1. Per residue, what accessible area does the stretch B:103-159 have, given a 1.4 Å probe and all protein chains present, in Å²?
2. Say a label goes 7 Å from Cα toward Cβ at B:Ser156 in every copy; what distances in nm does this one have to the rest, shortest first?
3. Let me check I've understood the local charge: for B:Leu30, count other residues with C-beta under 13 angstrom from its C-beta, Lys and Arg +1, Asp and Glu -1. What total comes out?
4. Can you order the peptides B:128-138, B:103-113, B:22-32 by their average number of other Cβ atoms within 10 Å per residue, highest first?
5. Show me A:62-71, B:43-52 ranked by packing, highest mean number of other Cβ atoms within 10 Å first.
6. For the stretch A:12-101, give the percent of accessible area contributed by carbon and sulfur heavy atoms, probe 1.4 Å, rounded to a whole number.
7. Around B:Thr74, with a cut-off of 10 angstrom between Cβ atoms, what is the net charge of the other residues, counting Lys and Arg +1 and Asp and Glu -1?
8. At 7 angstrom along the Cα-to-beta-carbon line, where would the label on B:Ala22 sit relative to the other copies? Give the distances in nm, shortest first.
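The values are calculated or read from the model by the stated rules, or taken from the named source; none is laboratory data. Predicted model, so just to flag it, every value in this text is computed and none were measured. Here the Cβ is made from the backbone with ideal geometry for all residues, glycine too, and neighbour counts use every protein chain on show. For the accessible areas, the whole protein counts, side chains as well, though only heavy atoms, and no ligand, DNA or RNA atoms are used. Shrake-Rupley method; radii C 1.70, N 1.55, O 1.52, S 1.80 Å.
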Number of protein chains: 2
Amino acid sequence: MTQAPSIPGQADPLDVARRTLARYIADKGLKSTRQRDLIAETFLSQGEHLRVEQLLKLVRTLDSRVSAATVYRTMKLLSECGLASQHHFGDGQTCYEPAVGRHHHDHLICTRCHAIIEFESDRIEALQGTIARRHGFLVTHHRLELYGLCAACLASGAVAEPEKVKEKKPKPAEVPARR
Amino acid sequence: MTQAPSIPGQADPLDVARRTLARYIADKGLKSTRQRDLIAETFLSQGEHLRVEQLLKLVRTLDSRVSAATVYRTMKLLSECGLASQHHFGDGQTCYEPAVGRHHHDHLICTRCHAIIEFESDRIEALQGTIARRHGFLVTHHRLELYGLCAACLASGAVAEPEKVKEKKPKPAEVPARR
DNA sequence: GTAAGTGCAAACGTTTTGCAATGAA
DNA sequence: TTCATTGCAAAACGTTTGCACTTAC
């Protein structure tokens, strides 16, 4: 699947993340707990876009007693300390992705199989900067999402009919992108 | 507020919209009702990004018995016939904007006062096409949103602290209030 | 008269919250 | 011992739906 493009010449992102979290917890007078660690570890090592529901399922394979509330609370925490970034891809569910040791990137989202493909474009970012400047606007973050049909779905002759999103999708193999 | 950039050399967008709706209703064997007309008229003449809740409030100043369900149903209808486009700006609420006689455009969104500024960029659109092509992806629609602080909020010395979005904010310039 | 549309309330799916019990420091 | 954290269940949120009633055609 989509591999996190780690920034070269830096320490292992997972390790950086662990340390960042530990420091954040210490600084804020919070506590390190079994559930917190379990959720953070599961999320970070997954290295992918994950819906809360999926994350909860994963975590529960390791500890079936973890509650949804704790996952929500922990993901909020990870967002606050910059280890996770939150997305809403229009299916009404919150989706998180690890944010450490990663370049900023945007997304291509297949409305049929829900595949998420990442891309980066310095040129688009530059144009965004120009536009913001023109409006006297200070951009803190942005979101660029291209919706449509991925190569796999196009190949399998899919009509542009989007599915109702509920995660029972037979995901077609991802197509390697030309760069 | 943001003025709809109507396409020059065409009929009054509001009129076009009315006719489009009438035709759609006739074609589909639907019915023209008092509520439908009221909601459509209110929405279209408002000419702006409107949350369902705001729209409902507006409509209810004219007829207090209109239900939220009807507003939702009607906005779905307007979306289907291309008169409204739906947005989710990350505050968990659906927001519609009139789509007739308008160029495609993207948004700058102030995280402090929730002002929405529209912009167009052919160059960004072109780059998006290039990227999609590179991934063998067929784009049906896209979304580009730049979040941050608008000129007014910057001028009033706002810190980059985004509010919790719930709209009890003391807005510097213009204020679309909710609740 | 017949279907489509309405309002209402109840149901929905996701997320948040209050609270008593638990556990890390 | 203290106070953050947990699990649970209930609430909250925006939205959708079932249904009996109403209305446009």
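1. Value returned for the stretch B:103-159: 41 Å² of accessible area per residue.
2. 5.0
3. Result for the local shell: +3.
4. B:103-113, B:128-138, B:22-32
5. Result, highest mean Cβ count within 10 Å first: B:43-52, A:62-71.
6. 50 percent
7. On the way: positive: B:Arg36, B:Arg73, B:Lys76; negative: B:Asp37.
Every neighbour counted, the sum reads +2.
8. 7.2
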